[in-house]
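Following: one structure in structure tokens, then a few remarks.
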Amino acid sequence: MTTAGTAPVTDLTRTTETGEISENGGVKGIETHVLPDSGSEPVPEAEDRGHYRPLWVEEPATRRRLPDPVRTSAVRAVIIIAVTLIQAMVAFLCTLAGSWLAFPMVLSSVASTVVATWAALDVWVTRQVWNQRNGVVSEPSSTARALRRERRKARRQERTAARADERIRRRGGAGRLSHS
């Protein structure tokens, strides 16, 4: 297909909704056509129909969201580490400037470094505790699995006892040796 004064254009055809790139450079699944005066630049037909393509497509998250306690400790750690870095930078600049504020800033930076280390360890410990309590670790020896088993057993015993008490109440106390 050639028009007067333009370059030869390959014929584009309708394809399936796969999103693969075709041999002529177009994207399969999107109808395209070439304007005669624009050279060989394919233009999506969606613009002509008044239909628009979204700016972005929602994709499922590749990683699951952090549990709330872990996320809270991580945010706290990031804030503490950021403040520590700012303090260290101010201490360094005060030292270069020969300011009287250099010594107190160096001392507070050392203290903040200890606190920032604690905050980073807090994230790790909180994550480990959450994993152990909520059964993320899928091993037969997992503490969480044993705790769940114990809770199920206790609930089962409570239901059995409640049913037995209800049965006794319906009978009006019959079947009991004593009413104490």
- line: Listed by first then second residue, the pairs whose first member lies in region 54-71 and is modelled with pLDDT of 85 or more, whose partner is open to solvent by 100 Å² or more (accessible area, probe 1.4 Å) and not hydroxyl-bearing (Ser, Thr, Tyr), with beta carbons under 7 Å and at least 6 positions apart or on separate chains, are Val70/Arg127
message: Take the conditions modelled with pLDDT of 85 or more and within 18 Å of Val70 (Cβ to Cβ) and apply them to Gln157. Does it pass?
response: no
field: Hey, Thr117 modelled with pLDDT of 95 or more and either surrounded by 12 or more Cβ atoms within 10 Å (Cβ to Cβ) or under 24 Å from the mean Cα position of the chain (by Cα) (or both) or not
entry: yes
- line: For Ala91, the lone unmet condition from (1) closer than 30 Å to Arg133 by Cβ; (2) over 20 Å from the mean Cα position of the chain (by Cα); (3) of a type in the set (A, V, I, L, M); (4) surrounded by 14 or more Cβ atoms within 10 Å (Cβ to Cβ) is (1)
statement: Here the residues within region 57-72 that are part of a loop (DSSP other than H, G, I, E, B) and either of a type in the set (A, V, I, L, M, F, W, C) or open to solvent by less than 80 Å² (accessible area, probe 1.4 Å) (or both) are Val57, Ala61, Leu66, Pro67
message: The conditions are (1) under 22 Å from Val70 (Cα atoms); (2) part of a helix (DSSP H, G or I); (3) at pLDDT below 85; (4) open to solvent by 80 Å² or more (accessible area, probe 1.4 Å), and Glu139 fails exactly one of them. Which is it?
response: (2)
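The values are calculated or read from the model by the stated rules, or taken from the named source; none is laboratory data. All values derive from a computational prediction rather than experimental measurement. So basically every Cβ, Gly included, is an ideal-geometry build from the backbone, and we count neighbours across all protein chains shown. What goes into the accessible areas is simple: the full protein's heavy atoms, side chains included, and nothing from ligands, DNA or RNA. Shrake-Rupley method; radii C 1.70, N 1.55, O 1.52, S 1.80 Å.
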